[in-house]
Amino acid sequence: MSSETSTITTDESITTDNAGSIHIENLTKEFDTAEGYELVFEDINVDIEPESFVCLLGKSGSGKSTMLNIVSGILEPTEGRVRFETADGTGDVTLGHVFQSPRLMPWDSNLQNIEFVNEDNPDYTEELGKQHLDLVGLSDHYHKYPGQLSGGQRQRVGIARALSIDPEVLLMDEPFSNLDEITAEELRKELISLWSELNKTVFFVTHDMTEAIQLADRLLMLGDGEIYGDLEVPLDRPRRIDSDEFLKFRQKAIDTFHSIDED
Amino acid sequence: MSTSQPRRLANALPDSLFTNRSVVFVESIVALVVVWSLVYRVLPPIQESFVSPTEVVIATRDLLVSMIWVEHFVASLTHVAYGFGIAVVAGTTLGILVGWWDFWEKAFQDYLTIGIAVPSLFVAIFSAMWFGLGSTTPAAAAAIVATPYLATNVYGGINNIDNDLLKMSRAFDVSRLRVIRRVIVQSVLPDWFAGLRYALALSWKIASLAEYIAAEQGIGYMIRFEMRVLDLAGVMSWVVFFTVLLLFIEYGVLAQIEKRVFAWRQNDSVGWS
């Protein structure tokens, strides 16, 4: 893995060797609605390797956020399970979450927002919180409130907060979809740089094909209740979205993505 | 040509005369006093039933010098403290019950609406009938009137808690106690504080009204006393005293507390999504 930008530097106290793997086994989810049971997906099996960057793609309503919520433990599956493996062999995984909107508490400073999720972390210190804000380029914003930041800066705080709990797996639910394209592009580069430095496993949900190919090692496509596309991304990093290889692979991925409409 | 002259005059004056809230407020008081003086001088029939600003200023000065106000101010303060204190406890508890549990919402929501709709004067009269002459009447009237307002604000605050923050807390496995302290209480705090401000101002007004009807001490009682002896300047001096007191509580105490407690709101220079 190579870094696309050189701006990210990790402090020694930030862990970089604890990525976990995700094993989605026979996963089925149904919702009980007024019209009866609605099947979201059925019998899904996926293994995600440690330190990999996997994007889950799907159209609106395909169930990608539902799957992420099951992986994160917020939702219970109807059948099947999600199992994690960690470097220490316990399977006791810590999950970091980055949401579509940053979900920061406006009455707390950025540093306090990071401290909030570190209640059970005995190693947490204010210094560590500051280091994570440094990591996302917010050295001058420790004590500012989220309302004083731009949308992109707030999402950086959200990323810093997720990383501060030292997660084995980072779950990201369309984190850049509410940002303007220039800011989103900047944050994608920084995310890749962070991932390269920190060696976390990233499970990233998006509906943006270009974003997915820019970021991921592997694309999973969800639709009609199944994973119908599973593509390795064979492109070297850094990836230029206007390169021939990128455009060629993008076309292949789009063809696969739309293949479900033809069936 | 006629419109350009005032514009030129406005351009020559400092901006603060038009933009600074405190300066504009003082200007409005000066304008009020000037209009009052002019009307008083120009319309002689008014002089029989009204007083001039000068007479009110003199009466207010006499009131302050005599120190009579201390006894009645302390009495009113005591009435308000008891009434407002009861309203804070009852209103907050009721607001939490109604906001948090469906059963209590169904049971009490309509009572809150009725409590807000009932005219304060009726409450003051009924309190006088129930509790008679004395300190209990103004305190009870203030508590009865202020409680539903505070409860409604707390209820609204609980309904407005950002569900995304609760989901975020659950995703990060934050303990229930910490979520209550750092998310729920903080979310409700602005509405609760707005309710407190309103309830306090209301408590002062209703306590004074009840003192007017059935008390032996207090600012309201003294307004009634001055009216009985037909001392209109005396009545106005107590009204001025009461108004200044409320403004001091609003801007000198509550606004300062709000500025400190809700610093994050004043710093919202960009806005959040």
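Is at least one residue of region A:44-59 over 27 Å from A:W195 (Cβ atoms) and more than 15 Å from the chain's Cα centre (by Cα)? No, region A:44-59 contains no residue that is over 27 Å from A:W195 (Cβ atoms) and more than 15 Å from the chain's Cα centre (by Cα).
Residues of region B:76-114 that are within 18 Å of the chain's Cα centre (by Cα) and surrounded by 19 or more Cβ atoms within 10 Å (Cβ to Cβ): B:S76, B:H79, B:V80, B:Y82, B:G83, B:F84, B:A87, B:V88, B:G91, B:T92.
Restricted to region A:52-164, the set of helices (runs of 4 or more DSSP H) holding at least 1 residues that are touching a strand residue (DSSP E or B) at 6+ places or on another chain (Cβ under 8 Å) and within 18 Å of A:N178 (Cβ to Cβ) comprises A:64-72, A:151-164.
Scan region B:189-198 and give yes if some residue there is assigned to a helix (DSSP H, G or I), facing chain A (nearest Cβ under 10 Å) and either without any contact (Cβ under 8 Å) to a residue 40 or more places away in the chain or surrounded by fewer than 19 Cβ atoms within 10 Å (Cβ to Cβ) (or both), otherwise no. Talk me through it step by step, then tell me what you get.
Narrowing region B:189-198 to residues assigned to a helix (DSSP H, G or I): B:189-198.
Pick out the ones that are also facing chain A (nearest Cβ under 10 Å) and you get B:189-190.
Those still in the list that are either without any contact (Cβ under 8 Å) to a residue 40 or more places away in the chain or surrounded by fewer than 19 Cβ atoms within 10 Å (Cβ to Cβ) (or both) too: B:189-190.
Yes, region B:189-198 has at least one match.
When A:F246 is tested against (1) assigned to a helix (DSSP H, G or I); (2) within 15 Å of the chain's Cα centre (by Cα); (3) aromatic (F, W, Y), exactly one condition is not met: (2). Of the residues in region A:118-141, not one is at pLDDT 90 or above, at the interface with chain B (Cβ under 10 Å from one of its Cβ atoms) and surrounded by 22 or more Cβ atoms within 10 Å (Cβ to Cβ).
Please determine, by comparing only the residues of region A:45-77 that are β-branched (V, I, T) and under 15 Å from A:L219 (Cα atoms), which one is surrounded by the fewest Cβ atoms within 10 Å (Cβ to Cβ). Reasoning before the result, please.
From region A:45-77, those β-branched (V, I, T) are A:46, A:48, A:54, A:66, A:70-71, A:74; that's our starting set.
Within this subset, residues satisfying the condition of being under 15 Å from A:L219 (Cα atoms) are A:46, A:48, A:54.
Numbers: A:V46: 20, A:I48: 22, A:V54: 22.
Looking at residues that are β-branched (V, I, T) and under 15 Å from A:L219 (Cα atoms), I get A:V46.
Candidates A:T94, A:T78: the one that is among the polar types (S, T, N, Q), under 23 Å from A:T28 (Cα atoms) and more than 8 Å from chain B (Cβ to nearest Cβ) is A:T78.
If you take the residues of region B:170-184 that are closer than 21 Å to B:N153 by Cβ and either of a type in the set (D, E, K, R) or more than 10 Å from chain A (Cβ to nearest Cβ) (or both), which of them is nearest to the chain's Cα centre (by Cα)?
B:I184
Quick check on B:A151: is it under 30 Å from B:S237 (Cβ atoms), of a type outside the set (K, R), more than 14 Å from chain A (Cβ to nearest Cβ) and buried (at least 20 other Cβ atoms within 10 Å of the Cβ)?
Values: under 30 Å from B:S237 (Cβ atoms): no; of a type outside the set (K, R): yes; more than 14 Å from chain A (Cβ to nearest Cβ): yes; buried (at least 20 other Cβ atoms within 10 Å of the Cβ): yes.
No, not satisfied.
Counting the residues of region B:213-237 that are without any contact (Cβ under 8 Å) to a residue 60 or more places away in the chain and either within 14 Å of B:S76 (Cβ to Cβ) or under 20 Å from the mean Cα position of the chain (by Cα) (or both) gives 3.
Of all residues being farther than 23 Å from A:L27 by Cα and surrounded by 14 or more Cβ atoms within 10 Å (Cβ to Cβ) in region A:221-237, which is nearest to the chain's Cα centre (by Cα)? Just the residue, please. Reasoning before the result, please.
Here is the first cut: in region A:221-237, the ones farther than 23 Å from A:L27 by Cα are A:233-237.
Adding the requirement that they be surrounded by 14 or more Cβ atoms within 10 Å (Cβ to Cβ) leaves A:233, A:235, A:237.
On the way: A:V233: 17, A:L235: 20, A:R237: 18 Å.
Only one residue tops the list, namely A:V233.
Within region A:145-157, residues that are at the interface with chain B (Cβ under 7 Å from one of its Cβ atoms) reach no partner that is surrounded by 24 or more Cβ atoms within 10 Å (Cβ to Cβ) and of a type in the set (F, W, Y) with beta carbons closer than 7 Å at six or more positions or on different chains.
For A:Q155, the conditions (1) within 30 Å of A:E126 (Cβ to Cβ); (2) more than 13 Å from the chain's Cα centre (by Cα); (3) of a type in the set (S, T, N, Q) are fulfilled apart from (2).
The values are calculated or read from the model by the stated rules, or taken from the named source; none is laboratory data. What you see is a predicted model, and the numbers here were worked out from it, not measured in a lab. Positions of Cβ are backbone-derived with ideal geometry, glycine not excepted, and every protein chain shown enters the neighbour counts.
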